[in-house]
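Quick notes on the structure that follows.
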Amino acid sequence: MVSPTLEDVRALMARATGDEKHDESSTSTLDALWVLYDRVLRVDPADPDWAERDRFVLSKGHGPVAYYAILAARGFFPREWLDGFMRHDGRLGSHPDRLLVPGVEASTGSLGHGLPMAVGVALGLRAKGSSSRTVVLCGDAELNEGTNWEAILLAPHLRLGGLTLLVIDNHSSSIATGSWQDRLGSFGWPVRVVDGHDHNALETALRATEPDRPTAVVADIPEGEW
Amino acid sequence: MSAVVTMRDQAAATTIDLLREDPRAALVLAEISTDRFARALEGFPDRAVNVGIMEATMVGVAAGLAMEGFHPIVHTIAPFLTERPFEQLKLDFGYQGLGGTLLGTGASYDYATEGATHHGTGDVGVLLTIPGVEVLVPGHAAELDTLVRAAYANGHLTYVRGGAAANEASLPVTPGSLHVVRRGGGPTLLAVGPMLDRTVAAADGMDATIAYTASVAPFDLEGLASIAGERPHVITVEPFYEGTLAATVTAALRHTPSRFDTIGVPRRFPSAYGTAAEHDRDNGLDAAGIRARLEALLA
């Protein structure tokens, strides 16, 4: 199978939404998701439950069109499924359901659930002696939710080197988020802030794991740009 | 040495056994009972963790462990196990189709001196709104041990409601079992978990059938219909809010006209402290109070 291109993914996104206008929040995640699935995560579309796969949790479950399009482009499920996006008889809702969609690790939609679950996933992987890593994507406004900060406090305590928090910061939070280096750094997370559209920068930051502590990557999306 | 084992100590002993026997058993604590579970935390540090005082994340982490194939046991005081992290239970476990055991302590008003913040009388009611949940209410430490072992790997979110109140003797309970303690004419008294001994005492000399269950969900619907007979009058004696079992009992009796009454914890916030026995007296849930309620209902 020829590797899909980003243009394939954009075409699939248009197929899902029925027009050329992409859902705002899914577009802000497109480059980071593309880099994850094209260059970083070890996954096997032919065997979505492969034990040695890396785990990816889309905590910010809304605006999943880019996610679905990338999974379909890589062959996790038929591209035709995108035609049924949000339809009653379709499998792809506006929040992903792990029981309906191959390749989806977690059912999300209510904000602030993915990171605590990802801590448990990373803990379980370590207990099994697995070298698989766990990446969880949150939105900047999603980090208003207090459960995230519980997990942000907990993960360094557990020395979860296999865990990476990817923040898509499209400056959508009504509450000032301040400096990510200061806020996450003070909880013990090394933080790399990169241009959320720069594939090479995203790849470098997402590959930079540490053995004994979790890492954070903030993908900055300029304000006003979605 | 006392032969009486509390449910809380039994919860720790059973959990440690399961961690030893099953490499897929896991434990998540949120500071409560870390002393009792010390051997678990020390002996199995890879899959037995104390997350600190963060109950929502305790449940989320447990769900993550379940996503990786573990059978997580989650333990804390009833209101902090069931009500505070309710959405994590509903979504991370229920909606995602994951199994885990909520092994509680401090049910009802065991923490009588602490005020309503520490009371767990709405625990079962809120959990029963989660499709597929299982709720087990042991009346004795031995029943808690049996039920946890039977249910911890059942693939469902399962609440095992541990507390200080208990019956003198255990019955051979299983998930879904219903037991006839005494047969008689008149109404069928359905005692739940730790309410059995006081129900038997309250009904002394009354012509009534006494049934017992430690399994609210699954519940033996056909069994209750059979025990209650052709003109059923079922009176539940519940250790949580009165009427929590109303939907369950009416489902069991749906094929015939029937009467249902409930004796349980009144739906109000308490404004008193003291002991659980004093709250039982206030709530009409000691043997004398239950007796008075029964006499009023049957007058």
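A few comments on the model shown:
- Residue check for A:LEU12: over 26 Å from B:VAL59 (Cα atoms), aliphatic (A, V, I, L, M) and more than 16 Å from the chain's Cα centre (by Cα): yes
- For the stretch A:118-152, the candidate set comprises residues that are among the aliphatic types (A, V, I, L, M) and assigned to a strand (DSSP E or B); within that set, the residue that is surrounded by the fewest Cβ atoms within 10 Å (Cβ to Cβ) is A:VAL135.
- Some residue of the stretch A:38-46 being outside any helix (DSSP H, G or I), out of contact with any strand residue (DSSP E or B) (no Cβ under 6 Å at 6 or more places or on another chain), modelled with pLDDT of 95 or more and under 17 Å from A:LEU82 (Cβ atoms): yes
- Any hit, the stretch B:51-59, residues being of a type outside the set (Gly, Ala, Ser), assigned to a helix (DSSP H, G or I) and within 13 Å of B:ALA25 (Cα to Cα): no
- Conditions (1) over 18 Å from the mean Cα position of the chain (by Cα); (2) within 12 Å of chain A (Cβ to nearest Cβ); (3) part of a helix (DSSP H, G or I); number of the one not met by B:ALA40: (2)
Residue-by-condition table, conditions (1) at the interface with chain B (Cβ under 9 Å from one of its Cβ atoms); (2) in contact (Cβ under 8 Å) with a residue 60 or more places away in the chain; (3) not acidic (Asp, Glu):
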position: A:TYR68; (1), (2), (3): no, no, yes
position: A:ARG98; (1), (2), (3): yes, no, yes
position: A:VAL104; (1), (2), (3): no, no, yes
position: A:VAL121; (1), (2), (3): yes, yes, yes
position: A:LYS128; (1), (2), (3): yes, no, yes
position: A:SER132; (1), (2), (3): no, yes, yes
position: A:LEU143; (1), (2), (3): no, no, yes
position: A:ALA151; (1), (2), (3): yes, no, yes
position: A:LEU154; (1), (2), (3): yes, no, yes
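- Flag if A:LEU115 is within 7 Å of chain B (Cβ to nearest Cβ) and assigned to a helix (DSSP H, G or I): no
- Taking the conditions (1) facing chain B (nearest Cβ under 10 Å); (2) among the polar types (S, T, N, Q); (3) not in a loop (DSSP other than H, G, I, E, B) in turn, A:THR108 satisfies each one other than (3).
- Residues located in the stretch A:175-208, provided they are at pLDDT below 95 and either of a type in the set (S, T, N, Q) or closer than 11 Å to A:LEU163 by Cα (or both): A:THR177
- Hey, A:ALA51 over 26 Å from A:GLY120 (Cβ atoms) and either in a helix (DSSP H, G or I) or touching a residue at least 60 places away in the same chain (Cβ under 8 Å) (or both) or not: no
- A:ARG183 meets the stated requirement of being out of contact with any helix residue (DSSP H, G or I) (no Cβ under 6 Å at 6 or more places or on another chain), surrounded by fewer than 24 Cβ atoms within 10 Å (Cβ to Cβ) and not in a loop (DSSP other than H, G, I, E, B).
- Here A:SER172 clears all of (1) among the polar types (S, T, N, Q); (2) more than 18 Å from A:THR209 (Cα to Cα); (3) within 12 Å of chain B (Cβ to nearest Cβ); (4) in contact with a strand residue (DSSP E or B) (Cβ under 9 Å, 6 or more places away or on another chain) except the condition numbered (3).
The values are calculated or read from the model by the stated rules, or taken from the named source; none is laboratory data. Because the structure is a prediction, the values reported are computed rather than measured. A quick note on method: Cβ atoms are made from the backbone with ideal geometry, for glycine too, and the neighbour counts reach across all protein chains shown.
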